[in-house]
Amino acid sequence: MLKMMNNILFSHSYFLRLDAKQWKTGLPYPPLGTLYAASLLRDNGYRVSLFDTMFSKKSDEVSKHIAASHPDFFVLYDDGFNYLTKMCLSNMREAAFRMIAIAKNNHCTVIVSSSDATDASDKYLDAGADFVIIGEGEMTLLELINSISQQKTDLSSVQGITYRKNDETIKTLKRGVMADLDNLPFPSWDLINIEPYRHSWMKHAGYFSINMATTRGCPYKCNWCAKPLYGNRYHARSPENVVKEIKWLKGKFHYDHIWFCDDIFGLRPGWVATFADLTEKENLHFKYKIQCRPDLLIKEELVKSLARSGCDNVWMGAESGSQKILDAMDKGTKVEQIYQATTLLKKYGIKPSFFIQFGYPGEVLEDIKRTIKMINELLPYQIGISVSYPLPGTTFYEKVKAQLKEKSHWMDSDELMLMFRNTYSPAFYKQLHRYVHKNYHKHIAMESIAHLLMKSSLPLSEKIKKLVSAAYYLPATFVSGKKLNRIEKISLV
Ligand code: SF4
C-alpha cells in the first residue's frame, strides 16, 4: 500500500536576530515568497504548516515544529522578493544548513528553494538537502512533491531541480518563469503570526507596513544585479487582482502602509494609471513605497498616477553621481535623470529615496565626490548605501571572481566589506559609508535649521530636536572625514 505523503513543514532561513543592523532597525517583512508557495501546495490538497524564523532565537527551534507536525517534507523556501535574502548572507546559510541537518535526522525529505541555493546548489546538496529548486519555485515544488508522493522513481522530467542519485548530481531542464501571475492563489497569510511584526513596526516606525508583490522579474541588465529566481522577463499581475488582494488584506490585518516589493513597480505602460483609477473607485486609502528607476520616474503621467494612488516614498536605484560609473555598471540611466526624477517626485509630494553604491571597479576619488555632491544637492528623503557586492551569475562577479577565494559572502547585511581589490582599501569603503551618512544628516540638519529660522510656528520640541541633530552631525561629520583621511590620505571636503 502507498504511504500517503501529504504533510509539509515550510520554513525559510532569514533570522532577524542574526542580522544585527536589521534587528536594531526593527522593520521586518514576513516571508512573502514562502507564503505563496505554501498557499499553492495547500490549494492542491497538501497539509501545510510554517516555522517562521523571523523572530526565532536559533535554528534548532525547528526541532519542536518537526515534533509537532511530523512532516513528510521539510521545505526551506526563502522569500525571493526581499533584498535581504537576495544578499545570500553567510549567517543565514549556516542556519539553513543546520535546519536541513535536523530535518534529515527526522527522516523528512528536504527541498530547498532560494537565491543562495540556486547559485550554490552543490553546497546545499552536500549539507544534506535532497532537492534544490533552481529558479522560480512554486510550480517546480508542486510538481516535485506530486511526483514524490506518487512514489515516482524517475524525477528527471521535473524541470528546474537538481539532486543526487548514485553519487551523480543530476540537473534537470530549466523551467520557464510563470507568465500568468493572477492564477496564483493569494499568499497564505493565516500561517503567519502577524502580531510580532505589527508590534515591531509600531515600536520603531509608529505605523504598520506589510509587503505585497505585483510583478516578478526585471528586463534591465545592470551588470551587478543578480536575478536568479525571476530572471529578465517582466510579468505583472493585473491591477484588478492586486486591488482585490489589498482589500482582502485590509480586512485581515488593518495595516497602514504597503511595501510593493517588486524590482520595478509599474513598468508596464498604463498599469499605474489603471491601478490609481481602481483605488479611487474602491475608495481605498493607504500609503505605499516602491522601487523604481530614474529614467522611468521622469514621466510626469506616471508620477502623477503614483501620487494619486497613495505612493509616499520611491526608492530609486540612483547608485552613483558619476556618469562614468553608471555606464560601467550598464545601468542605462543618466545622472541628469536622477535630478529630474527627484524634482518631479517632490513636485507631486512623493519622497525620493536613493540606493547608492560605492566601490564599483574603476571608481576613483572624483566619482565619489560627484556622488556625495549629488546627495548634498538633492537631499533625498532616505539613503541606503552599500558597497559593491559580487553576486554569482553577474558580469561583475565574473570580473572579480578570481579574488573571491577567501571571502565571497557577507555575514550580515551590515558587513559592507569590499571583497575584491579596488582603488582604495576595504577599511576606506567602510568608513566612507559612515562618513556619507553623517554628511547627509548634517546637510538635512542644516536645511532644517534654515526652515526653523523661517518658520517660527514649529513646536518648541521640534525646534530643539532639530538643533540637537545639527549639534551632533556637524562635528560628527568632521571627525568621520578626518578618519577617512587617515585611512587613505585623501580629502573629500
Ligand atoms: S533595474 Fe534594478 S532590478 Fe533591474 S537589473 Fe537594474 S538593479 Fe536589477
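The values are calculated or read from the model by the stated rules, or taken from the named source; none is laboratory data. All of these numbers come straight from a predicted model, not from anything done at the bench. Using ideal geometry, Cβ is built from the backbone for each residue, glycine included, and neighbour counts are taken over all protein chains shown.
Residues that are in contact with a helix residue (DSSP H, G or I) (Cβ under 9 Å, 6 or more places away or on another chain) and more than 25 Å from THR215 (Cα to Cα) within segment 8-21 comprise ILE8, LEU9, PHE15, LEU16, ARG17, LEU18, ASP19, listed in sequence order. The set of residues in segment 298-316 being surrounded by fewer than 22 Cβ atoms within 10 Å (Cβ to Cβ) and in contact (Cβ under 8 Å) with a residue 40 or more places away in the chain consists of ILE298, GLU300, LYS304, ALA307, ASP312, ASN313. Checking each residue in segment 31-45 for being surrounded by 22 or more Cβ atoms within 10 Å (Cβ to Cβ) and in contact with a helix residue (DSSP H, G or I) (Cβ under 7 Å, 6 or more places away or on another chain) picks out LEU35, TYR36, ALA37, ALA38, LEU41. Of the residues making up segment 32-48, those that are over 14 Å from MET139 (Cα atoms) and either without any contact (Cβ under 8 Å) to a residue 60 or more places away in the chain or β-branched (Val, Ile, Thr) (or both) number 3. When you look at ASN146, is it touching a helix residue (DSSP H, G or I) at 6+ places or on another chain (Cβ under 8 Å), part of a helix (DSSP H, G or I) and either at negative phi or crowded, with 24+ Cβ neighbours inside 10 Å (or both), yes or no? Considered against the rule, which asks whether it is touching a helix residue (DSSP H, G or I) at 6+ places or on another chain (Cβ under 8 Å), part of a helix (DSSP H, G or I) and either at negative phi or crowded, with 24+ Cβ neighbours inside 10 Å (or both), ASN146 comes out as no. Set side by side, the residues PHE478, PHE428 differ, and just one is out of contact with any helix residue (DSSP H, G or I) (no Cβ under 7 Å at 6 or more places or on another chain), assigned to a helix (DSSP H, G or I), among the aromatic types (Phe, Trp, Tyr) and under 30 Å from PRO361 (Cα atoms), which is PHE478. A count restricted to segment 373-403 and to residues that are within 20 Å of ASP116 (Cβ to Cβ) and either of a type in the set (Phe, Trp, Tyr) or assigned to a loop (DSSP other than H, G, I, E, B) (or both) stands at 9.
Scanning segment 287-331 for residues that are touching a helix residue (DSSP H, G or I) at 6+ places or on another chain (Cβ under 7 Å) and either among the aromatic types (Phe, Trp, Tyr) or in a strand (DSSP E or B) (or both) gives VAL314, MET316, ALA318, GLU319. With respect to the conditions (1) modelled with pLDDT of 95 or more; (2) within 16 Å of the ligand (Cβ to nearest atom); (3) surrounded by fewer than 19 Cβ atoms within 10 Å (Cβ to Cβ), ARG198 lacks only one, and its number is (2). So in segment 211-258, with the set limited to residues that are touching a Lys or Arg at 6+ places or on another chain (Cβ under 9 Å) and assigned to a strand (DSSP E or B), which one is farthest from the ligand (Cβ to nearest atom)? So, considering only residues that are touching a Lys or Arg at 6+ places or on another chain (Cβ under 9 Å) and assigned to a strand (DSSP E or B), the one farthest from the ligand (Cβ to nearest atom) is HIS257. Per the listing LYS347, LYS299, the residue uniquely over 24 Å from the mean Cα position of the chain (by Cα), farther than 22 Å from VAL400 by Cβ and either assigned by TED's automatic domain parsing to the domain that holds TYR440 or within 16 Å of the ligand (Cβ to nearest atom) (or both) is LYS299. Filtering TYR339, TYR288 for residues that are outside the structural domain of LYS489 (by TED's automatic domain parsing), in contact with a strand residue (DSSP E or B) (Cβ under 9 Å, 6 or more places away or on another chain), among the aromatic types (Phe, Trp, Tyr) and more than 16 Å from the ligand (Cβ to nearest atom) leaves a single hit, TYR288. Residues in segment 176-188 include none that are among the small types (Gly, Ala, Ser) and within 16 Å of the ligand (Cβ to nearest atom).
PHE51: touching a residue at least 24 places away in the same chain (Cβ under 8 Å), surrounded by fewer than 20 Cβ atoms within 10 Å (Cβ to Cβ) and more than 30 Å from LEU173 (Cβ to Cβ), yes or no? In short, no.
Quick grid of which residues meet (1) in contact (Cβ under 8 Å) with a residue 40 or more places away in the chain; (2) on the phi < 0 side of the Ramachandran plot; (3) crowded, with 17+ Cβ neighbours inside 10 Å:
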| position | (1), (2), (3) |
| --- | --- |
| ILE375 | yes, yes, yes |
| ILE383 | yes, yes, yes |
| VAL387 | yes, yes, yes |
| THR395 | yes, yes, no |
| LYS405 | no, yes, no |
| MET411 | yes, yes, yes |
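Quick check on ASP122: is it assigned to a helix (DSSP H, G or I), crowded, with 20+ Cβ neighbours inside 10 Å and of a type in the set (D, E, K, R)? So ASP122 fails the test.
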